[in-house]
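This report concerns only the one structure given below.
The values are calculated or read from the model by the stated rules, or taken from the named source; none is laboratory data. On a predicted model such as this, the values are computed, not experimentally measured, just so you know. Note: ideal-geometry Cβ built from the backbone for every residue, glycine included; neighbour counts use all protein chains shown. Heavy atoms of the whole protein, side chains included, go into the accessibility calculation; ligands, DNA and RNA do not. Shrake-Rupley method; radii C 1.70, N 1.55, O 1.52, S 1.80 Å.
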Amino acid sequence: MATIKDIADKSNVSASTVSRVLNNDDTITVQAETRERILQVAKELGYETILERRLKQKQHASKHVGIILTQSLDEEISDPYFLSIRQGIEMELASRGIRSATFRLHETDGHQMIEGLDGLLVVGRVKESTLKAISKVENVVYINHSPNEDLYDSVVINFERATEKALKHLLNAGYKRIGYIGGREMEHMKNQKFNFEDKRLTTFERFMKEQNLFDQAAVYIGEYTMAQGYELMNKAIQAGKLPKAFFIASDPMAIGALRAIQEAHLNVPEDIAIIGFDDIEAAKFASTPLTTIRVHTREMGRTGVKLLLERLNGRELPLTVTLPTELVIRESCGGKRN
């Protein structure tokens, strides 16, 4: 954010002059040209006076925003990915004094109308038809999913690029036999679940086929939980022909897989290398710290709130914001193999 000093430097006046001009100090004597220059520079740098910020705070305080969550509380606890996004949303709303109401999709019956809200933040995958069935709110921002970029704002990551980062690291480290452990992406409704395409899985299949290295028998799919990571890795170990490396589509699953590997008296990364996904806090404290793809989940939530406020302030053009991911290298899959 621009400071008074930034404006002063660019306007070629003192910081005290800038401060008094921006705060409408009637006692200051300054040429009209200088005053106009200061105001123009402040506008270019996006500076807001204390009064302007207070006015915006009051405007925002009158807003009422809904948060639709696609995960149950138990699912959030077992896989903190979506929990972290929600925390980012709540922190940003609280900092702006905006009221919010939270709805969990699986608790609705598909006919509950969500009304009286200025906007919605949807966390996770929801079909457009489902949203219309439960809500009449027009201003909607999707987070971690983009059902229709021509209509809705969204905050996403590039799952394909992130998956390729992990696989290229494994190939560069000398691994050829690479397995996959992942879960199912679902939309939750009361008493119903609908599967969605998981870009991590489809990218894994495409990329490995392009390298002539794909092995369907090395792909294990369950639920996105630590317990399922443990069970699926046990299944892979018992099947024989164990891959020398695994890309695991969530860190909780990877931590569960680590436990299964240790119980089989195998070592990571000497016997099996692992790359996870998310970089949750527990990843660096796992029994073998996890190499993983870092996703800036809290920032996804914060960005979603900012997009929604822009919409409420009159922006009509829908925007899709793609946040970057990073490969974080730790002990579970480090550098080159001997």
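Summed over segment 212-266, the residues that are of a type in the set (D, E), within 21 Å of H169 (Cα to Cα) and open to solvent by 10 Å² or more (accessible area, probe 1.4 Å) give a count of 1.
Okay, residues lined up against (1) over 22 Å from A162 (Cα atoms); (2) surrounded by fewer than 16 Cβ atoms within 10 Å (Cβ to Cβ); (3) touching a strand residue (DSSP E or B) at 6+ places or on another chain (Cβ under 6 Å):
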| position | (1), (2), (3) |
| --- | --- |
| D271 | yes, yes, no |
| G304 | no, no, yes |
| L308 | yes, no, yes |
| T320 | no, yes, yes |
| L323 | no, yes, yes |
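Among the residues of segment 302-313, none qualifies, meaning not one is of a type in the set (D, E) and touching a helix residue (DSSP H, G or I) at 6+ places or on another chain (Cβ under 7 Å). Considered as a group, the residues in segment 79-95 that are of a type in the set (D, E) and assigned to a helix (DSSP H, G or I) include one that is surrounded by the fewest Cβ atoms within 10 Å (Cβ to Cβ), and that residue is E90.
Residue by residue, here is whether (1) under 17 Å from the mean Cα position of the chain (by Cα); (2) assigned to a helix (DSSP H, G or I); (3) touching a residue at least 12 places away in the same chain (Cβ under 8 Å) holds:
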{"residue": "I77", "(1), (2), (3)": "yes, yes, no"}
{"residue": "G97", "(1), (2), (3)": "no, no, yes"}
{"residue": "S100", "(1), (2), (3)": "no, no, yes"}
{"residue": "F103", "(1), (2), (3)": "no, no, yes"}
{"residue": "H145", "(1), (2), (3)": "yes, no, yes"}
{"residue": "D150", "(1), (2), (3)": "no, no, yes"}
{"residue": "S154", "(1), (2), (3)": "yes, no, yes"}
{"residue": "R161", "(1), (2), (3)": "yes, yes, yes"}
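Among the listed residues T292, T303, which satisfies the condition of being in contact (Cβ under 8 Å) with a residue 24 or more places away in the chain, in a helix (DSSP H, G or I) and within 23 Å of F159 (Cβ to Cβ)? Lay out the reasoning, then the answer.
Details: T292 fails: in a helix (DSSP H, G or I).
None of the other options fit; the residue is T303.
Which residue, of G179, G240, is more than 27 Å from the chain's Cα centre (by Cα) and of a type outside the set (D, E)?
Working: G179 fails: more than 27 Å from the chain's Cα centre (by Cα).
Sole residue among the options that is more than 27 Å from the chain's Cα centre (by Cα) and of a type outside the set (D, E): G240.
Report whether or not A254 is over 21 Å from I77 (Cβ atoms) and out of contact with any Cys (no Cβ under 9 Å at 6 or more places or on another chain). When the stated conditions are applied, A254 does not pass them.
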